[in-house]
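Scroll down for the structure; my scribbles are underneath it.
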């Protein structure tokens, strides 16, 4: 009885700490949103103003009207979703091959793929640009999507997860006469939901925010992505940060939606540690 | 062979070998199947990663200013780097930044994932709250933190309420790098917590139930069930956190321009400047090759260590 | 959920084949420019007007974010995928000329009888920054200088008359600064003077005029050797450091880590005097400008004024055929037809002679001060290694004002770094 109350109190303390931590982590975000309702002048005022004196809702329409943000928004969504789909499919496919099969040079394949994460994009920029130009993909969705559609991050993440799947599962399917691709599609993938959800969220986030690559290969207004639009609020000697913050706040909506959509997949179930006390 | 995890898959084809007369072809078929699974990714990598990487590494032996044609210099670029004190400084700064960001991330991300995995009121919202920092656009992150770190800004304002005097975060060599490290951790921890959350899902629930019935307390369950089974995920987090921290770029560019006095000039920033501002692409490629080598070394050591830890 | 993803992937695959190059019956010119919001709006308007004025050439105008804009231009030019015409910033001219990224311009195609005729129509030296070996490589558009902005209210509070007592020399600035600076205990709560040094380009535009006023220069006339550690250089650095270290009217820790728009510290009343550009007038807005006044840049010797000059200009891709180059010239000529409009839309003047005499221009606040400072202005050091030089100078200044390293020693180190950079091909 006594132990029970104690663990309950402890549970509440931990919860409170978690909430306090969240509040702390959110400070910069809060400041961003608050700034999006201020005048430019008020953003620079010191000491900092937590809340705008009178919220300027008009920052939002004026910021989004400044550049064709509808177009940018669409392009970024298309790019991030397509790259995400590529990462999920090809990433899990390759990861399954690397995790559950033996073939010559398997480890080398994996290491070589992993090594691609070690060079900064800056240095690969020109050679990759030349490949994409050769393929005739400059200034196209293809150029935005194809070079990013397979990524070592996804392969590595999925491989680590798939290795943990019990082999008996695969074995059983094989005995049932399932084709190898059928095993991947019907057995492995459904059992990877939490990892796929995590990868989906992280990949979407990463590619929604791509800056340098779209900048270099896109030269048409109609194909520009959201972060490029965002950076255009900054000029050589001037900038309108209140509008930039407003646009940035809107730009987070797809990521938040996606997170809410997928979070159940990587959180489902595990109430166990809490309940069993 | 497969690092940091029980190598069960390996035994599978062998078991078959014993069982069936046409076993060899069967084992080979599995090999081919495995390779075919990897092939699409491999082809993509060959075209968009390995080929450009080979180009970049090759370039490190040439003098190249982006516009005129490259000129072979042998090890000239590496020698130039060796003689450049700014490169040595950048190496040191990068090492400090990388370890300063990655190591706290390993522990904090796991801690956060465990916390967020508990049953608590409003869990969904709290999770979202922790996710928001990573959803913020990189450009905005740098900008917002620049405001918060201003000598009269929010961070100093908060410190003043607990009696700590003004700290010139971004304008003193001693504090500029730690200030950037803090941002790295702030953004990296939730990111890797998401990965850990997925990893925690892979642990079958009945393991915990069985352990509880045997009278194992929370710590014991963590130590003997969660930790060992999370090992593949931990390897992923350890490797990725290092690689990502090694490549940090936007924050030093926007917030400090590598200053004061070069104290936040990380290697990627040095590479960017050398290549695209100073137009010495060959030298930048040489610096990249060195960064590449270091990253490779780090990763190999981690794979080794974690495998040994398992045995 | 991955099924949805796959469907989307297919959908996108279809889209990828979408927009292709438009069939061009007339000539199509592309023009790239860095983001600079009010300026971009005006450029767009000019392009629309050009389309109405003729039907031969269609101009496709594209804007890119400021910070990485020149990276984009460089990658494009080096892979022969560059635009026909692009906007360039003056310090990068020597680099771009050296790398053959710009074609020499023909003054006659721009509507001038000769190069000399063209020069005579511009402010003295206004074209120098865009020339090499007697040839002009870019046509200046928005141009600016750095003048002293001061807070009139702060002056009045301190019993000074902003119309008479404003500083004309650096010594006066230091003395006046002592009256304006505000402390709480030993904490400076209001800087009398902020010497911008949050980025290397600002450090250069603020420091080089002082250096030149002392008769010094960053490089020798051949541009191959660093001379900033000369006596004049040390004097200039010492003077610059004295505002922070000796007179204590300036807080370098704020200067280094201030907000992305450093002039805002002046607008917010946290700084009494600040050196900034004509664009700040528009940025502050008329309400704030009521409290502010613009005066010429302080001098070492007011009889021999040296100030700063900078600007953006239009350049032509050298890899395009002659007829396209010609068309780009005609477009340029059209773009600068209306100097007064440039001022109204961008807050920056065009650097031409007689600018002040254009009807309506004088009503623009402080335009006479800016034109005066532009007339004695000089571009930052011309060198293909400018970025490296600016970086080294920025570090040198940080060492002096933040770490209190001796100016001579710090400049010696800067010269070592600069000479090393210059020695590289």
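Here the contact order of region A:142-227, divided by its residue count and restricted to Cα pairs under 8 Å and six or more residues apart, works out to 33 percent.
As a calculated quantity, the FRET efficiency between residue B:162 and residue B:301 at R0 = 35 Å, using C-beta atoms, amounts to about 0.30.
Counting other beta carbons within 10 Å of each residue's own, what order do C:373, C:301 fall into, fewest first? Spell out each step's value before the answer.
Details: C:373 24, C:301 11.
Ranked by crowding around the Cβ, least crowded first: C:301, C:373.
The convex hull of the Cα atoms of region A:2-60, projected and averaged over all directions, covers 5.6 nm². The value of relative contact order for region A:67-232, using C-alpha pairs under 8 Å at least six residues apart, is 45 percent. Would you kindly calculate the translational diffusion coefficient of chain A, applying Stokes-Einstein with the Kirkwood radius from alpha carbon pairs, for 25 °C and a viscosity of 0.890 mPa s, and quote it in µm² s⁻¹ without decimals? Rounded to a whole number, D works out at 110 µm²/s. Comparing C:164, C:72, C:28 in a Gaussian network model of chain C where C-alpha atoms under 10 Å apart are linked, the largest mean-square fluctuation is found at C:164.
Return the average number of partner chain Cβ atoms within 10 angstrom of each residue Cβ along peptide B:297-305. Numbers along the way, then the final one.
Values: counts 0, 1, 5, 1, 0, 0, 3, 0, 0.
Rounded to a whole number, the mean comes out at 1.
Our compactness index for region A:67-140, the C-alpha radius of gyration over the empirical 2.2 N^0.38 Å, is 1.47. Under a plain spin-label model, where a point goes 7 Å from the Cα along Cα-to-Cβ, how far apart in nm are residue C:322 and residue B:88? Distance between the two pseudo-spin positions: 5.6 nm.
Once the Kirkwood radius over Cα pairs is known for the protein assembly as shown, the Stokes-Einstein relation at 4 °C and 1.567 mPa s delivers a diffusion coefficient of 42 µm²/s. Beta bridges from DSSP with both residues in the protein assembly as shown: antiparallel share about 65 percent, rounded to the nearest 5.
Remark: relative contact order (chain C) = 25 percent; criterion is Cα-Cα distance under 8 angstrom and separation of 6 or more residues.
Where is the GNM fluctuation largest for chain C (alpha-carbon springs, 10 angstrom cutoff): C:347, C:196, C:257? Among C:347, C:196, C:257, the largest mean-square fluctuation in the Gaussian network model of chain C belongs to C:257.
Counting neighbouring beta carbons within 10 Å and listing from fewest to most, the residues C:415, A:192 come out as C:415, A:192. Relative to the longest principal axis of the Cα atoms of chain C, the long axis of helix C:37-53 makes an angle of roughly 30 degrees. Each label was represented as a point 7 Å from its Cα along the Cα-to-Cβ direction; for residue C:171 and residue B:68 these points are 4.9 nm apart. Rg/Rh for region A:31-114 (Cα atoms only, Rh after Kirkwood) is 1.35. Largest GNM mean-square fluctuation across B:40, B:70, B:85, computed for chain B with C-alpha springs under 10 Å, falls on B:40. Quick check: the angle from helix C:279-289's long axis to the longest principal axis of chain C, C-alpha only, nearest 10 degrees? Between helix and principal axis, roughly 60 degrees. Listed from fewest to most Cβ neighbours within 10 Å, the set C:170, A:12 follows the order A:12, C:170.
In angstrom, the C-alpha Rg and Dmax of region C:162-283 are 15.2, 51.
Computed from Cα positions, the angle between helix C:231-245 and the longest principal axis of chain C comes to roughly 70 degrees.
Taking the square roots of 5 times each eigenvalue of the Cα gyration tensor of region B:145-282, largest first, gives ellipsoid semi-axes of 40, 23, 10 Å.
Three principal axis extents describe the C-alpha atoms of chain C; from largest down they are 70, 61, 48 Å.
Any read-out appearing in this document is the output of simple, stated calculations on the displayed coordinates, not a laboratory observation. None of the values given here were measured: they were computed from a predicted structure. Note: ideal-geometry Cβ built from the backbone for every residue, glycine included; neighbour counts use all protein chains shown.
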